[in-house]
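*Asks:* The structure follows.
FYI, it's all coordinate maths here, none of it is from the lab. All of these numbers come straight from a predicted model, not from anything done at the bench. Neighbour counts are summed over all protein chains in view; Cβ atoms, including those assigned to glycine, are modelled from backbone coordinates with ideal geometry.
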Amino acid sequence: MKNLRLKSARAAKDLSQQALADLVGVSRQTINSIEIGNYNPTIKLCVAICKVLEKSLDELFWLEDE
Amino acid sequence: MNDSTFSMMDWLPFAVAFFLVFVLLIILRIKGKLMTEGEYDERQLVGRGKAYQYAFFSLIFYNVIYGYLDAVGVKWCLPSVGVMVGVLFGVTVFAVTAICRDAFIGIHDTHKRSLRILIAGALAQTVFFFSDLADGEVVKDGLLTTSFVSLCCAVCFSVIVIVFLIHSRKNRLPEEQE
């Protein structure tokens, strides 16, 4: 499942995938994989991303019932 | 002892090479210049784990086939060559799987550096092989000798380089196209 909330939060901060990846210490492909739903990050990485994007875990990673 | 049976001289170059590489890795590790697990992110570590798994089972598969052929009397190479071909097969499976999962090089390493090493390795092994081929040392008594390992190395590195280039090209696409 695509994580569009992460993508929009990143765009709102005017960060590229590479910039966000550098800030949280992962590769660009990892950020891309999270956004397109190919990889489920650990809670550690989720928290790191949330801190950089100044969002809560719920806002970025909580799965809503479809 | 003939060439088709175990010979210490067949193993000696590999043993010396492994020992030197082992010592080099220890020195690099001590000096902190060796790529450590910490330079791969969590997704890459998962990918490398899968790559090790596939390489492990590929090596088992190869050993079963090699052992079976040997048991039924199909001899095609010296025992040392059979072992090295299996190792190279496993290494290739590992590398290709790791590349496909973006887990071959660390997050701070550059593609160009890794490519240069691989291309240099492929070219050097190709030269070694053709040098031995010209000397007629590749096949003795109907069995492939250790010179054949050079060809296997060249093929192994070439496959890795090709997969690496294709994957790098894909990764150069703009973010939105992935």
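*Asks:* Taking the Cα atoms of the protein assembly as shown, what is the range of coordinates along each of the three principal axes, in descending order and whole Å?
*Replies:* 73, 38, 33
*Asks:* Could you list B:Ile27, B:Ile99, B:Ile107 in order of exposure, starting from the residue whose Cβ has the fewest other Cβ atoms within 10 Å? Intermediate results must be reported in sequence, preceding the final value.
*Replies:* Values: B:Ile27 11, B:Ile99 23, B:Ile107 18.
Fewest to most other Cβ atoms nearby, the residues stand as B:Ile27, B:Ile107, B:Ile99.
*Asks:* Magnitude of the Cβ-charge dipole of the protein assembly as shown, K/R +1 and D/E -1, about the Cα centre, nearest 20 debye? Numbers along the way, then the final one.
*Replies:* On the way: 24 positive and 25 negative charges, 104 e Å.
Computed charge dipole of the protein assembly as shown: roughly 500 debye.
*Asks:* Rank B:Phe56, B:Leu165, A:Leu57 by how far each Cα sits towards the positive end of the charge dipole of the protein assembly as shown (+1 on Lys, Arg Cβ; -1 on Asp, Glu Cβ) and give me just the farthest.
*Replies:* Comparing the listed Cα positions along the dipole, A:Leu57 ranks first.
*Asks:* Oh, and also: Quick one: B:Arg29, A:Arg10, B:Arg169, B:Arg48, fewest Cβ neighbours within 10 Å first, how do they rank?
*Replies:* Sorted ascending by nearby Cβ count, the order is B:Arg169, B:Arg29, B:Arg48, A:Arg10.
*Asks:* Rounded to the nearest 20 Debye, what is the dipole magnitude of chain A about its Cα centre when Lys and Arg each give +1 and Asp and Glu each give -1 at the C-beta? It would help to have the intermediate numbers written out before the result.
*Replies:* On the way: 9 positive and 9 negative charges, 56 e Å.
The calculated dipole for chain A is roughly 280 debye.
*Asks:* Sticking with this one: Just the Cα atoms of the range A:4-59: what Rg and Dmax do they give in Å?
*Replies:* For the range A:4-59, the Cα radius of gyration and maximum Cα-Cα distance read 9.8, 24 Å.
*Asks:* Kindly flag which residue pairs out of A:Lys7/A:Lys55; A:Lys7/A:Lys51; A:Lys44/B:Lys170 have an alpha-carbon separation exceeding 19 Å in this structure. Working shown, then result.
*Replies:* On the way: A:Lys7/A:Lys55 12 Å; A:Lys7/A:Lys51 15 Å; A:Lys44/B:Lys170 28 Å.
With Cα atoms farther than 19 Å apart: A:Lys44/B:Lys170.
*Asks:* Among rounded, prolate and oblate, which fits the range B:41-172 when a ≥ b ≥ c are the square roots of the eigenvalues of its C-alpha gyration tensor, a/c under 1.5 means rounded, and a/b larger than b/c means prolate? Spell out each step's value before the answer.
*Replies:* Numbers: a/c = 3.57, a/b = 1.51, b/c = 2.37.
It comes out oblate by the Cα gyration axes.
*Asks:* Taking the Cα centre of chain B as origin and charging only Cβ (+1 Lys, Arg; -1 Asp, Glu), how large is the dipole, in debye to the nearest 20? Write out the running numbers ahead of the final one.
*Replies:* On the way: 15 positive and 16 negative charges, 88 e Å.
It works out to roughly 420 debye.
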